[in-house]
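Heads up, the thing below is written out as structure tokens.
The values are calculated or read from the model by the stated rules, or taken from the named source; none is laboratory data. None of these values were measured; they are calculated from a predicted model. When we count neighbours, we look across all protein chains shown, and the Cβ atoms used for this are built from the backbone with ideal geometry, even at glycine. Side chains included, ligands, DNA and RNA excluded: accessible areas come from the protein's heavy atoms. Shrake-Rupley method; radii C 1.70, N 1.55, O 1.52, S 1.80 Å.
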Amino acid sequence: MALNFRFFTKITLVVCLLVGFTKSSSAQDYYGSTYTYKPISLGITFAPNVSWHRYGAGVDIEKDWEVGYGYGLLADFGLSENYYFSTGFLINNIKSSVDVGPEQLSTTYRTQYAEVPIGLKLKSTQRYYRSYYGQFGFTGGIRIAGDKEVEDMGREDFESKTFRLGLAIGGGIEWQLDHKLSMVTGLTFNNGFTEILDDGYGKPKDSYLAFNFAIFF
């Protein structure tokens, strides 16, 4: 009888240890494990932005930022677990306001571009089902629409450059939602280095700060 009791006690102890180890492993997996590295990820994005004109030194023009937005497709191609080539296809709406002419009339420019971003994305090791990234690259765009609205005069078309090139740098967080689904939130600063107007006083260029939201599949 005593032998059976000791045997039962040992079996119970072993079962308790196994259950405790299983729960501990599950907790560690939830807080520390990562999902499998994906060599290719495709996603959709929506990116509100604030944009403004930039002028050279000595040009005295009152300018103000305006709100625009972009949307489209993104693609990340893995070079290794932490390095990615990033590209996509975007429709980007850029808007800005300036006061021009002797009467300082407020003029709002709206330009729409079809853009292809090209860059290198660096990702941290994933922990707690999220990773941090930094991105650097370029954007090339072709104007597909544009108009300007002059104070008290309404909207009209304007002559602008066909191509826009910009330097982009940004970063953010990638949140792993499932094995094949992740959400990206971040910021990107895009500094245009080509002129945007054919006949614009001061040869303006434009820049914008975009708030990035994307879902990758």
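At-a-glance table
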read-out	value
Identity of the residue in the stretch 151-181, within 13 Å of the chain's Cα centre (by Cα) and of a type in the set (Gly, Ala, Ser), that ends up farthest from Ser86 (Cα to Cα)	Gly172
Cβ pairs under 7 Å, 6+ apart, first in the stretch 155-176 and among the acidic types (Asp, Glu), second open to solvent by 20 Å² or more (accessible area, probe 1.4 Å) and not in a strand (DSSP E or B)	Glu159/Asp198; Glu159/Asp199
Tally of residues being closer than 12 Å to Val184 by Cβ and hydroxyl-bearing (Ser, Thr, Tyr) across the stretch 39-60	2
Pairs, first farther than 11 Å from Gly140 by Cβ and touching a residue at least 12 places away in the same chain (Cβ under 8 Å) in the stretch 83-94, second of a type outside the set (Ser, Thr, Tyr) and not in a strand (DSSP E or B), C-beta under 7 Å, six or more apart	Phe85/Leu79
Candidate set from the stretch 64-90 (those that are at pLDDT below 95 and either crowded, with 18+ Cβ neighbours inside 10 Å or of a type in the set (Asp, Glu) (or both)); member that is farthest from Ser182 (Cα to Cα)	Asp64
The stretch 170-200, residues that are open to solvent by 60 Å² or more (accessible area, probe 1.4 Å) and more than 24 Å from Val67 (Cβ to Cβ)	Trp175, Leu177, Asp178, His179, Lys180, Asp198, Asp199
Qualifying residue in the stretch 60-68 (condition: closer than 20 Å to Thr162 by Cα and in a strand (DSSP E or B))	yes
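Conditions tested, residue by residue: (1) within 25 Å of Met183 (Cα to Cα); (2) in a strand (DSSP E or B); (3) open to solvent by 50 Å² or more (accessible area, probe 1.4 Å); (4) not acidic (Asp, Glu).
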| site | (1), (2), (3), (4) |
| --- | --- |
| Thr107 | no, yes, no, yes |
| Arg110 | no, yes, yes, yes |
| Pro117 | yes, yes, no, yes |
| Leu120 | yes, yes, yes, yes |
| Thr125 | yes, no, yes, yes |
| Ser131 | yes, yes, no, yes |
| Phe136 | yes, yes, yes, yes |
| Ile142 | no, yes, yes, yes |
